[in-house]
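I have placed the structure first, in the form of structure tokens, so that the comments after it can refer back to it.
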Amino acid sequence: MKTRASAAKVLYQVVDRGQSLTTALPTAQQLLPAKDRALLQEICYGVLRWLPRLEFISRQLMSKPLTGKQRPVHFLILVGLYQLKFMRIPAHAAVAETVNAIKVLKSPKLSGLVNAVLRNYQRQQDDLESQADGNDTCKFGHPGWLIKRIKAAYPEQWQEVLMANNERPPMWIRVNQQHHNQADYQALLAADEIVAEIVESADSALRLVKPTDVYKLAGFADGHCSVQDGAAQFAAQFLDAQPGELILDACAAPGGKTAHILERQPALKHLVAVDFDATRLARVQENLTRMQLEAELIHGDASKPEDWWKGDKFDRILLDAPCSATGVIRRHPDIKWLRRDSDIAPLVQLQSEILDAMWQQLKPGGTLLYATCSILPAENSEQISSFVARTPDATLIPLTANSDNQASSWQILPNTQGMDGFFYAKLQKKA
Ligand SMILES: C[S@@+](CC[C@H](N)C(=O)[O-])C[C@H]1O[C@@H](n2cnc3c(N)ncnc32)[C@H](O)[C@@H]1O
């Protein structure tokens, strides 16, 4: 019952108060016994995945919406509906636990209402669910503006993309090649009964068949592996830093890709990692410390490098730009409700300002790898075409030098081989 009340409070914080799930959920989890934390997470993620559907159904079952101080109870009703439709909890237990949670929310007068809504849902379930299927927002669990953009970008695949966003993503790890190669580490995990799969073309990634506690992964505390989605691991691979080079990681926090660049190429001249957000930059240091790696960390604005960099120009720059994060909705379903259509144009503008500024910091002959975890063409292919059109000394080059695949950009859609949605484009400056 405490878990359901906690879920209602987290959902209220996220949906009504605009807090991110990454902030609201861990705080609530700490207040619960360890055994209940996974259930809390499952309910919060699930309700956020299917929010419009659950909202629609609750509207059909109530004469007027709960407002003001009663909003947490509104989310408790969604928690109850989610359990009845999507979870394997026996219906009588789901209803009883949800109704009891009213006590924790200190709204005892509403327990009759919660009970009636959930029981009426059980009686009318088939009819209500088929009504919900008649509307794309409810059917796919996305806001209308995002459905419209994804439909326009992927007219053949839009439904697949939307459904992929509602899947539970697999856990991926990155093998630190300073210690083990991919196959050796896979065998080490197998000895501990952790089954991991190799995905061709990603040279340090392993996809786990079942998620596991990181501390069960051999050598995790000593940096022998890290948790990182497979798609994100192509950044260091495509950047392909060489011995003796000066490298810039322009939007680095929390530092997953910074660490990967250093693991792959320990003989760099120097790596500079910049981020605008001081709190997130502190996490880069924590990550590097665990991995026993070193970089120069700078708190700065990548669109104004003149404020923080007076040194030589860089051989290679990774620009993992701030973006809509529409490729990682599986991992952060709150993005669907926290982002607005009106956020996209300012993000595109910021990305283009950072691109222009970073280009000035690149040596002639140097390469810049542009990356986002977005699936929107405005932030990806269109952003890069405009950049190439206005930058006479920029040329697109193949992402991988030694391969038959000569593509110079790659839009990965969510759930391609279990990966997140990501975009890469590689540019070279005329020598
Ligand atoms: C996609 S995340 C980077 C993820 C990171 N590369 C990793 O692999 O862990 C984008 C980052 O850009 C940072 N950022 C946003 N605007 C920025 C700016 N103007 N200059 C530098 N960093 C910025 C954000 O704080 C955020 O940490």
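Structure above, values below:
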{"read-out": "Signed unit charges on C-beta, dipole axis of the chain, positive-most listed residue VAL199, GLN182, ALA153", "value": "ALA153"}
{"read-out": "Cα gyration tensor category, rounded, prolate or oblate, for the chain with a/c compared to 1.5", "value": "prolate"}
{"read-out": "Label point distance in nm, ALA389-GLN178, each placed 7 Å from Cα along Cα→Cβ", "value": "4.4 nm"}
{"read-out": "For the chain, calculated [θ]222 nm from helices alone, where every DSSP H run of n ≥ 4 adds -39500 (n - 2.57)", "value": "-13500 deg cm²/dmol"}
{"read-out": "Cα shape, segment 231-429, gyration tensor, a/c 1.5 rule", "value": "rounded"}
{"read-out": "Pairwise label distance in nanometres, ASP203 with LYS430, each label 7 Å out on the Cα-Cβ vector", "value": "3.1 nm"}
{"read-out": "Residue order, fewest to most surrounding Cβ atoms within 10 angstrom, among ASP249, ASP16, ASP240", "value": "ASP16, ASP240, ASP249"}
{"read-out": "Separation in nanometres of the label points that stand 7 Å from Cα toward Cβ, at ASP341 and LYS35", "value": "4.8 nm"}
{"read-out": "Cβ-Cβ FRET estimate between ALA152 and GLN131, R0 fixed at 30 Å, reported to 0.05", "value": "0.65"}
{"read-out": "Shape of segment 185-253, Cα gyration tensor, a/c cut at 1.5", "value": "prolate"}
{"read-out": "Residue order, fewest to most surrounding Cβ atoms within 10 angstrom, among SER408, SER130, SER6, SER204", "value": "SER130, SER408, SER204, SER6"}
{"read-out": "Residues GLU286 and TRP308, FRET efficiency given R0 of 25 Å [Cβ-Cβ distance, rounded to 0.05]", "value": "0.70"}
{"read-out": "Angle in degrees between helix 111-133 and the longest Cα principal axis of the chain, rounded to the nearest 10", "value": "60 degrees"}
{"read-out": "Net +/- balance of residues flanking LEU51 in space, Cβ distance below 11 Å, scoring K and R +1, D and E -1", "value": "+1"}
{"read-out": "Net +/- balance of residues flanking ALA389 in space, Cβ distance below 13 Å, scoring K and R +1, D and E -1", "value": "-2"}
{"read-out": "Computed FRET value (nearest 0.05) for SER63 with ASP301, which takes r as the C-beta separation and R₀ as 30 Å", "value": "0.05"}
{"read-out": "Cα-centred dipole magnitude for segment 171-227, charges only on beta-carbon of K, R (+1) and D, E (-1), debye, nearest 20", "value": "140 debye"}
{"read-out": "Given charges at beta-carbon only (K, R positive; D, E negative), |dipole| of segment 103-151 in Debye", "value": "380 debye"}
{"read-out": "Within the chain: Cβ-based charge dipole about Cα centre, in debye rounded to nearest 20 (Lys, Arg +1; Asp, Glu -1)", "value": "2060 debye"}
{"read-out": "Relative exposure of LYS336, LYS426, LYS106, judged by other C-beta atoms within 10 Å (fewest first)", "value": "LYS106, LYS336, LYS426"}
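We did not get these values from a lab; they are worked out from the coordinates using the rules stated. Model, not experiment: these values are computed from the prediction. In this analysis, Cβ positions are derived from the backbone assuming ideal geometry, glycine residues included, and neighbour counts consider all displayed protein chains.
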